[in-house]
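Chemist: This is the structure, below, for whatever I ask next.
The values are calculated or read from the model by the stated rules, or taken from the named source; none is laboratory data. As the structure is a computational prediction, the values presented were derived from the model and not from experiment. Ideal geometry is used to build each Cβ from the backbone, glycine not excepted, and the neighbour counts take in all protein chains shown. Areas reflect the complete protein model, heavy atoms only, side chains present, ligands, DNA and RNA absent. Shrake-Rupley method; radii C 1.70, N 1.55, O 1.52, S 1.80 Å.
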Amino acid sequence: MSSNGDNLRSLTFSYENGTAKFTVLDQLALPHETKYVAILNIQDAWDAIRSMRIRGAPLIAIVAVLGLAVDLTSNAATVSELDELDGAGGIEGVKTCVFQKMDYLKTSRPTAVNLFNAMEELKGIVDNVDTVSRDDVVNAIVTHAQYMLERDVSDNKAIGAHGADDLLERHTHPDGVRVVTICNTGSLATAGWGTALGVARELQR
């Protein structure tokens with residue numbers, strides 16, 4: 001689950017007993033309403049990205065990754081399809097099905113570099129894991145999706161810490177440091193904390 005301190009969370013995610021639960025903050029409703037929308041399958045993830053319910057390059061990638069994890073574990077139609085493919089003895093069929101879902105998610109924002117990179121990273125995980133059954137494929141994706149979620153937050157905090165240290169080392173004005181950021185760089189553009197705005201947050205600590 002994302003953790004942004006006292007601020008709004010861009011998303012919530014949990015995975016227990018083989019079932020994933022995932023919601024995203026509907027940024028189209030802000031600032032008048034704080035509303036979280038459940039992501040139950042890849043179509044929901046696709047729609048959230050396409051409609052700009054969620055925004056920011058890092059968050060787009062994470063929503064696609066977690067949306068795939070939810071679809072593979074908690075969408076009854078997908079689970080049934082994978083079971084049929086696995087039962088037919090076709091692990092390659094399972095992989096092909098998963099790869100098609102990744103390709104579909106890419107169409108939600110064809111210009112999103114982070115999204116394409118995330119899908120390629122997941123594809124590499126599936127290609128390289130020792131897969132014997134559908135469970136191996138699904139577990140590999142869910143495990144790596146959770147890792148990518150945690151990595152996004154830790155990367156953001158590292159950006160903030162290094163950026164703040166660099167500014168303080170190079171600027172010693174008696175009135176302190178003033179920071180201006182451009183574009184969507186706060187915690188709602190990521191899984192948590194923020195990129196460039198994370199530097200400003202770190203400077204306040």
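Chemist: Amide H to amide H under 5 Å from TYR36: which residues, 5+ apart in sequence or cross-chain, H placed 1.01 Å off N in plane?
Modeler: So TYR36 has HN proximity to ASP26.
Chemist: Report, in degrees rounded to the nearest 10, the 0 to 90 angle that the Cα long axis of helix 57-74 makes with the longest principal axis of the chain.
Modeler: 30
Chemist: What is the distance, in nm, between label points placed 7 Å from the Cα along the Cα-to-Cβ direction at ASP166 and at GLN100?
Modeler: Rounded to a tenth, the inter-label distance reads 4.5 nm.
Chemist: FRET efficiency for ASP47 and HIS173, Cβ-Cβ distance as r, R0 = 35 Å, nearest 0.05?
Modeler: With R0 = 35 Å, the Cβ-Cβ based efficiency is 0.15.
Chemist: Could you state the number of Å between the C-alpha centres of the stretch 133-168 and the stretch 9-77?
Modeler: Comparing the Cα centres of the stretch 9-77 and the stretch 133-168, I get a distance of 17 Å.
Chemist: How about LYS106: which lysines have a C-alpha closer than 23 Å to its C-alpha, ignoring those fewer than 8 places off in the same chain?
Modeler: Within the straight-line limit of under 23 Å, LYS106 reaches these lysines: LYS21, LYS95, LYS123.
Chemist: Next up: What does the extension gain come out to for SER14 and ASN139, with contour length at 0.36 nm per residue minus their alpha carbon separation?
Modeler: 43.6 nm
Chemist: Continuing with the same structure: Test of understanding: in a Gaussian network model of the chain with alpha carbons linked when under 10 Å, which of GLY87, GLY160, GLY194 would top the mean-square fluctuation ranking?
Modeler: GLY87
Chemist: Summarise the accessible area of the chain (1.4 Å probe, protein heavy atoms) by the percent that is carbon and sulfur.
Modeler: Taking all protein chains in place, the chain shows 51 percent carbon and sulfur surface.
Chemist: If R₀ is 35 angstrom, what is the calculated FRET efficiency for the pair ILE91 and GLU150, using the beta carbon separation as r and rounding to 0.05?
Modeler: Step by step, r from the Cβ atoms, then E = 0.80.
Chemist: Right, next: Could you work out the helix-only [θ] at 222 nm for the chain, with each DSSP H run of four or more residues adding -39,500 (n - 2.57) and the total divided by the number of residues, to the nearest 500 deg cm²/dmol?
Modeler: After summing the helix terms and dividing by the residues of the chain, the value is -19000 deg cm²/dmol.
Chemist: While we're on this one: Given a 1.4 angstrom probe, what's the average accessible area per residue across the stretch 9-144, in square angstrom?
Modeler: 46
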